[in-house]
Structure formats: C-alpha cells, structure tokens
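Quick notes on the structure that follows.
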Amino acid sequence: MSLIQSALRSVIFVLATILMAGSLQAQNWELVWSDEFDGDSLNTDYWEYQIGTGTSEGLTNWGNNERQYYTDREENVYVKEGKLHIRAQEENFGNRNYTSARIRTKGRKDFLYGRFEIRAKMPIGQGIWPAIWMMPTDNVYGGWAASGEIDIMEYLGHEPHRVHGTLHYGGAWPNNVYSGRHYDLTSGRFSDDFYTFAIEWEYGEMRWFVDDVLYQTRNYWYTTGHRFPAPFDEKFHFIMNVAVGGNWPGNPDHTTEFPQEMVVEYLRVYEEAEPTSVDDDLLVLPASIKLHQNYPNPFNPTTNITFTLPESAHVKLGVYNMLGQRVAVLTDHYLASGSHEVTLDATHLSSGIYIYKLYAEGSVITRTLSLVK
C-alpha cells in the first residue's frame, strides 16, 4: 500500500469514527425544551424578573456585597434578532450606581437531570460578574447551600480567558462547602465570540463542557442528614444574571467601560433517550456503567480517563491508533464498584486521534481522544 493510500485510509477512518461518535451522542439526548429568544421580548411564560438589591429575597446585596440594582427595564434586559441581552450600566438608580438584570425560570421551567446547554458571549472588565446557574425550586434539604447550587458557568470580567463550574452543598450557611474547577481558553477571550456552555446531570454525577470539551466530572457531594445523591436529586431552575462588584470579582475601577452585556443565543434542555442499538462490535453498556470523555482533550502529553462500575468486574481499558493497533493498556484488573480514574502518558505517541476502549463483562464502549504535540 502506498503512503498516499495509507494516508487516505487513515483520514477516512478518522472521519467515520467522528461521524459515528457524533451520531451516538445525538442519540443519547433528546431535546425537550428550549428558549431560542426568537421574539421581540422576554417570554414571561418561561422567565420571571428578580428586582432590586436582594432584600425581597432575604439577601442583602444578594448575599455577595454586589453593587447593582436589578430591573426589568429594556435598558437592562431585552431580546433582539434572536438573542437575549442582559446589560449592566453605570447610572444612579434605586440608590445604587449600577443597574443590571437577573431572570429565572422558577416554577415555570424546573428540571431534574438532563443536559443543559447555553450558547453565550461574555462581557469584559474589572468588577463584571455574569453567571448561568441553577438553584433548587424547593429547598427540600434546608437553606443555602444545604439544598444545593449548580453553577454551569461563572465568569469574571478581568479574567476573560477563564470560566468556572462549581457545586455548592453541605450544610446551611456557614457550614456550606463547594467544589469545582475552571476552564481556560488556549487562545482568545470569552468576550470575543459565542461559546457553548453545558452540563450533563445524571443520578450521582455531573459533567461540565465548553464547546463539547469535557473539563470536569463530579460524582461526590453531600448534604447534612441525608443520603447521597442528595441534595442533587430534586428539581432545579435556571438563573441568568450579570452582577457588578461583590466579594469575588471586586468592584469596577477606572479601566471598566460601561455598558457591558452578556448575550445569550439559546438555552436548550435535553433528556436522556433510550439506548439505541449499534454495530455488534460496539455494544452499549448498561446506563449505569459509564466511560467518560478524557480530560483535558486535546492533550499533551498526559490526560485522565474516568469510568464508573455499578458492580465489581474485570475491566480492560486500552488505547488504539486509527489502524486498530493497541498502543497502551491502562488497566487489566478486577476492580471494585465505584468510580475509577487512570492516566494516559502519551509521551511515546505521535500526534493524532486515538480510540480508547473499555471492556467489562464481555461488552465494550469506546470514545476518541486527540493528542496534539
């Protein structure tokens, strides 16, 4: 076989694998609700405004020493040309120096489990603090944060290359705790263009993505006096806002230009579909057995791979090149039930797309990873 033929064969195999993986992913999730912001105003069948400084919610300055007054005015929140705009302005209003908007779906659109996907463009500047997050519709387990908080995306305007994903849980304040991780762009800023932020929330596990790149997985949390997976086993609703100032970002300074706005193209909610049969050589494991996307991806030279077993089993996890040749064995042992993580050191491998396969009890599931040197 000539070098050209070999290269063409590799390209075709790569494209087929990518298309197959995309098809499988699309089959796993079904769209059940979305707001595409198509009209000329905010749809109040879905959203309600939260007004003021937080005192009506029992939160002085929204609990974070924020400096804005939230309004329902078109100057602060509007829909135009298929996009939602949440705008922070420097102006005297309600005895404050800044205005902005905060909206939520509480009692209108509440969800338990699913994939939640938001495409948005961020503002920029010291003291600007937009967030896309979720709160419990009913505080079943007690006050914040005993009933939980899910931060799909938080962003600080003075760090335009970075977003954060966080869970808050534990006891009621001040006995609350949190866990999370940030994601950094390798180039550019989140204020330059639209990015897709997503979280996949299943029983006992959550996964965060930026433009379909998995950057963290959480499968441990707790709340006082209740068994796992509480508190994240109740319905939550969406909140979107742009705060100004506060404990975390600090206040605006002379470098901050106003107005600043977060622009949202859509919010989409998916629920997991029934498993779909695939080729005999690519069997789908039971839903409770999971092989997750490696992190980071793309990577160089190391990346982490996690998988979850509902029962003890003999597990073999291997890595293969696009010709089907095995290039690494990451585990080949009898493992206990629970979550496991292994590290691939690809120092000896060339750049390219590879397949990693998890074999357990005669079944196999695959994913792809990308090594860039």
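Of Thr71, Ile239, Tyr169, which is farthest along the charge dipole of the range 30-272 in the positive direction, counting Lys and Arg as +1 and Asp and Glu as -1 at C-beta? Farthest along the dipole direction, towards plus: Tyr169.
Between the amide H of Asp110 and any residue lying 5 or more places away or on another chain, no distance stays under 5 Å, with hydrogens modeled in the peptide plane.
Would you work out the charge dipole size for the range 188-279 about its Cα centre, treating the Cβ of every Lys and Arg as +1 and the Cβ of every Asp and Glu as -1, and quote it to the nearest 20 debye? If you can, show how the numbers build up before the last one.
On the way: 6 positive and 17 negative charges, 100 e Å.
The dipole of the range 188-279 has a size of about 480 debye.
Give, rounded to the nearest 20 debye, the magnitude of the charge dipole that the range 33-74 has about its Cα centre when Lys and Arg contribute +1 at Cβ and Asp and Glu contribute -1 at Cβ. Provide the component values of the computation, followed by the final result.
Working: 2 positive and 10 negative charges, 86 e Å.
Computed about the Cα centre, the dipole is about 420 debye.
Comparing Asp184, Asp345, Asp233 in a Gaussian network model of the chain (Cα springs below 10 Å), the most mobile by mean-square fluctuation is Asp345. Close amide H contacts of Tyr69 (hydrogens built in the peptide plane, cut-off under 5 Å, sequence separation of 5 or more or a different chain): Tyr98, Thr99, Ser100. Answer rounded, prolate or oblate for the range 87-155, using the Cα gyration tensor with square roots of eigenvalues a ≥ b ≥ c: rounded when a/c is under 1.5, else prolate when a/b is larger than b/c, else oblate. Cα axes put the range 87-155 in the prolate bin.
With θ taken as phi - 60° and the Karplus curve 6.51 cos²θ - 1.76 cosθ + 1.60 applied, the whole-hertz 3J(HN,Hα) list for the range 193-209 is 7, 7, 10, 9, 9, 9, 9, 10, 10, 10, 4, x, 7, 9, 9, 10, 9 Hz, x standing for glycine and proline. The His161 and Glu341 beta-carbon pair, evaluated with R₀ = 45 Å, returns a calculated FRET efficiency of approximately 0.95.
Let me know the shape class of the range 155-246, please: from the alpha-carbon gyration tensor, a ≥ b ≥ c as square roots of the eigenvalues, rounded when a/c is under 1.5, otherwise prolate if a/b is greater than b/c, or oblate. The shape class here is prolate. Under 5 Å between amide hydrogens, built in the peptide plane, is the criterion, and for Ala88 it picks out Gln260, Glu261, Met262 among residues at least 5 positions away or on other chains. In this calculation the C-beta distance from Glu311 to Leu112 is compared with R0 = 25 Å, giving a FRET efficiency of 0.50. About its Cα centre, the dipole of the range 30-272 is roughly 600 debye, where the only charges are +1 on Lys and Arg Cβ and -1 on Asp and Glu Cβ.
Estimated from helical segments only, the mean residue ellipticity of the chain at 222 nm is -2500 deg cm²/dmol, where each DSSP H run of four or more residues counts as -39500 (n - 2.57). Cα centroid separation, the range 40-61 to the range 93-128: 10 Å. Other residues with beta-carbon under 9 Å from the beta-carbon of His168 carry, at +1 per Lys or Arg and -1 per Asp or Glu, a net charge of -2. Excluding same-chain neighbours fewer than eight residues apart, the lysines reachable from Lys373 by a Cα-Cα span under 23 Å are Lys357. Once the Cβ-Cβ distance of Val213 and Tyr334 is raised to the sixth power relative to R0 = 25 Å, the FRET efficiency obtained is 0.20.
For the listed peptides 55-62, 97-104, 77-84, a ranking on the average number of other beta carbons within 10 Å per residue, highest first, reads 97-104, 77-84, 55-62.
Label zone (Thr224, point 7 Å along Cα-to-C-beta; backbone nitrogen cut-off 15 Å) within the range 140-181: 140-148, 169-178. Checking the Cα-Cα distances for Lys290/Lys316; Lys235/Lys290; Lys80/Lys109; Lys80/Lys235 against a 25 Å cut-off, the pairs over it are Lys80/Lys235. Taken one residue at a time, the phi angles of the range 109-118 give Karplus couplings (6.51, -1.76, 1.60, θ = phi - 60°) of 9, 10, 9, 10, 6, x, 10, 10, 10, 10 Hz. Gly and Pro are set to x.
Here, each number is a calculation from the coordinates, and none is a lab measurement. Source: prediction; values computed, not measured. Note that each Cβ is placed from the backbone with ideal geometry, even for glycine, and that neighbours are counted across all protein chains shown.
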